[in-house]
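Right, one structure below, let's go through it.
Quick note: the coordinates plus some simple rules give every number you see, no bench work behind them. As the structure is a computational prediction, the values presented were derived from the model and not from experiment. Glycine also receives a Cβ, built like all others from the backbone with ideal geometry; neighbour counts cover every protein chain displayed.
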Amino acid sequence: MAPSALQDSPPPLAAAKAGGQALEDVSDAVDAVNALKYDAASQFDTAKDKTAFRQYETACDRVRLFYAEQHAKQTVAYNLAARNRFHASSRARPELTVWQAMEKLDTLVDESDPDTSLSQIGHLLQSAEAIRRDGKPRWMQATGLVHDLGKLMLFFDALGTQGQWDVVGDTFPVGCAFDPRIVLAASTFAANPDTRDPVYASPLGIYAPGCGLDNVMLSWGHDEYLYHVLRDQSTLPDEALAMIRYHSFYPWHREGAYRELMAPKDWDMLKAVQAFNPYDLYSKSDDVPSVDELKPYYMELIDEFFPQKVLKW
Ligand SMILES: [Fe+2]
Ligand SMILES: [Fe+2]
């Protein structure tokens, strides 16, 4: 490395925080677009708050750039490589309890502007609290509490995470034709080499009809990573694992795409994911929860569903 490059490099923690802030900005913008799209009619009619509208426009610009990169780079080859890095026996898996993971994730964005971004612990607790307030089961509260911990992948160098495009954003299957119902699909996928592969570009691609989403490779990101971490390290039910794995799979759970890949079990999973979605998108405007007050309740909840306590990430 040239001396100038050394001098120009920020210290690793600063770089991680800068990366974390940029990641959160994109993640928030994606959520803002998803939240407004969902309520488009009523929000648009009553959009008197010009400040909010400008923020949405800014979010849209940011989101457009983000998806141009994500849709160009999420290929079958990249997804196989990412999974190989995750499963590699040579990878020393970091060991953290769920609460330690929450605190670690919080350090990624702890210098963020509180006006624009709630802390990660804040978002996880708000989601869990909204689920709890609605009297939903304890396993669903636990799911709300952990659902974004996959963003920790940014911290773990051995995973080879490239940037924001393979951590956040809506997800979709790779290995078959990209459905036009994927957000911004019309203008972004031409740059993806898989669209020129005769198999990957065919409607079912490498999959059989009704093969079940368990057998479908979803674009690599924080949802897919956390699902792979938790599937054999928790007592959470299948519905919870589906909420984690598919919470950003908007073309499926909102737009109705990819029905031809579903197995009978997936219809129950779809209901679960749709039930979870509002707690992720719409709890952000709730009061900021007190971490200290809530910690005892959630520590007990964590013990219930993560009995081995220390997880391998
Ligand atoms: Fe998420
Ligand atoms: Fe979330």
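Rounded to two decimals, the Cα radius of gyration of the range 83-312 over 2.2 N^0.38 Å is 1.03. Going from the residue with the fewest nearby Cβ atoms within 10 Å to the one with the most, Asp238, Asp223 rank Asp238, Asp223.
For the residue pairs Lys265/Lys309; Lys104/Lys312; Lys151/Lys312; Lys104/Lys151; Lys104/Lys309, the alpha carbons lie more than 19 Å apart in Lys265/Lys309. Only one residue of Pro198, Gly169, Tyr282 has its Cα farthest out toward the positive end of the dipole of the range 83-312, where Lys and Arg carry +1 and Asp and Glu -1 on Cβ, and that residue is Pro198.
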